[in-house]
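Notes follow once the structure below has been shown.
Please treat every number below as a calculation from the coordinates, not as lab data. Note that the structure is a prediction, hence the values are computed from the model and not measured. Positions of Cβ are backbone-derived with ideal geometry, glycine not excepted, and every protein chain shown enters the neighbour counts.
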There are 2 protein chains.
Amino acid sequence: MNDTTASRQEIIDEPITDRDIPQIANIELFFFAYRDFTADPDRILQNLGYGRAHHRALYFVNRKPGMTVADLLGILGITKQSLSRVLRQLIDSRHIAQVEGQSDRRQRLLYPTPAGRELILELSWPQSRRIDAALKSSGFQNDATISDFMRAMVNPSDKSPADDMIGAARSEESGDRK
Amino acid sequence: MNDTTASRQEIIDEPITDRDIPQIANIELFFFAYRDFTADPDRILQNLGYGRAHHRALYFVNRKPGMTVADLLGILGITKQSLSRVLRQLIDSRHIAQVEGQSDRRQRLLYPTPAGRELILELSWPQSRRIDAALKSSGFQNDATISDFMRAMVNPSDKSPADDMIGAARSEESGDRK
DNA sequence: AATTTTATGTCAATAGTACTGACATAAATT
DNA sequence: AATTTATGTCAGTACTATTGACATAAAATT
């Protein structure tokens with residue numbers, strides 16, 4: 001089982017460089033930036049026994065109060081059964097409330113409670129500050145340029161997510177995923 | 001169990017805006033950008049039965065050929081037992097090879113094989129192209145500004161990851177995490 | 001009015017992956 | 001000779017996501 005010493009010819013000891021992958025430095029930076037970007041809220045969430053799924057669910061409900069369960073499923077891209085647990089916990093902890101749809105009483109419209117609003121602000125503040133600080137320290141005059149870049153990074157199929165994230169992230173249809 | 005109709009006073013129907021969180025649009029864009037950024041390699045990986053852990057392990061080994069298992073553990077931030085499975089699979093599939101350390105024969109230095117190099121290039125190309133295209137379409141003259149911004153997004157504690165990612169991501173020490 | 005579809009939710013079984021803790025081996029260090 | 005280090009493995013556990021089947025109520029269709 002000791003196949004430790006591979007014959008010298010089979011290995012490569014040259015690192016990848018930007019001659020192989022022109023944007024290698026930015027790929028790496030993007031990875032680390034996102035890791036640290038999510039680390040702040042992750043810490044807060046952990047103390048509540050929540051994970052990123054909770055963060056996302058709470059976030060979107062705060063961004064589009066009154067969205068349906070189907071809308072949320074479409075955005076999160078998880079199964080109904082998975083969302084069920086997450087949503088149940090957020091409802092039990094009074095971060096999210098369900099309201100029967102007026103026109104369609106089958107619907108359970110999702111709204112943040114004051115506690116849910118407070119929590120999402122608490123989670124978002126560190127992220128906002130981080131971006132703000134990074135913009136300033138990297139000498140951006142305004143943040144339009146970064147937004148343009150970020151927007152250009154998103155697939156055309158779900159473009160303008162910030163403008164209308166619901167319609168955007170909703171490229172897949174609702175119902176159980178296969 | 002039907003607690004669907006919360007009393008109206010407990011809910012909030014105003015969306016969060018940039019008055020609550022100044023960088024809300026960029027937070028969202030960052031989220032979608034990263035999601036799509038990782039979706040390309042994820043698709044390729046899935047066909048091989050691999051996940052992101054494999055991608056990362058393979059990436060770092062390609063970036064610093066000859067790194068030790070302990071180095072890799074430090075960067076990935078997972079336990080030895082978890083890495084074990086991932087590394088075993090990558091070794092069995094001949095994407096990574098282990099070579100006995102010369103000065104310290106306890107070490108199993110990790111190197112990419114030609115197949116491993118080929119795979120990481122295949123995974124990285126779409127990401128590089130995406131960044132490149134985004135830079136151009138958002139009208140950046142050079143990519144230095146984006147790099148500066150990204151670098152500023154990273155925690156000071158593990159700064160300059162692209163310059164020396166090993167030393168950078170290695171802030172935690174090796175051994176089983178607690 | 002009867003039937004079908006839709007929106008939501010739940011139960012049961014399974015799979016993947018991470019974790020902890022204990023332990024083993026070989027080689028380096030003291 | 002004793003201790004520490006680098007690596008690896010086994011067993012058990014936990015969490016989370018998945019699939020599939022099914023249930024209810026309400027809307028839409030015929």
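Distances, shortest first, from the label point of residue A:85 to those at the same position in the other copies read 1.6 nm; the point lies 7 Å along Cα to C-beta.
Each residue of the range B:87-100 was assigned a 3J(HN,Hα) from its phi angle through the Karplus curve 6.51 cos²θ - 1.76 cosθ + 1.60 (θ = phi - 60°); the sequence is 5, 4, 5, 5, 6, 4, 8, 6, 8, 10, 10, 9, 10, 4 Hz, with glycine and proline shown as x.
Could you work out the relative contact order of the range A:1-138, using alpha carbon pairs under 8 angstrom and six or more residues apart, expressed as a whole percent?
Details: 107 pairs, mean separation 31.9, N = 138.
Computed value for the range A:1-138: 23 percent relative contact order.
Once the chain from residue B:104 to residue B:148 is taken as fully extended at 0.36 nm per residue, the excess over their C-alpha distance is 12.0 nm.
Which order, highest average first, do A:72-82, A:43-53, B:90-100 follow once you tally other Cβ atoms within 10 Å for each residue and take the mean per peptide? Mind dumping the intermediate values first?
Values: A:72-82: 16.7, A:43-53: 13.5, B:90-100: 19.3.
Highest mean packing first, the order is B:90-100, A:72-82, A:43-53.
Set the Förster distance to 22 Å, then compute FRET efficiency between residue B:93 and residue A:10 from the Cβ-Cβ distance, nearest 0.05.
Details: r = 13 Å, r/R0 = 0.60.
Taking R0 as 22 Å, the efficiency between residue B:93 and residue A:10 is 0.95.
Taking the Cα centroid of the range B:76-125 and of the range A:80-138, what is the distance between the two, rounded to the nearest whole Å? The distance from the Cα centre of the range B:76-125 to that of the range A:80-138 comes to 40 Å.
If the convex hull of the alpha-carbon atoms of the range A:31-103 is projected onto planes in all directions, what is the mean projected area in square nanometres?
Values: hull surface 22.4 nm².
Average projection, Cα convex hull of the range A:31-103: 5.6 nm².
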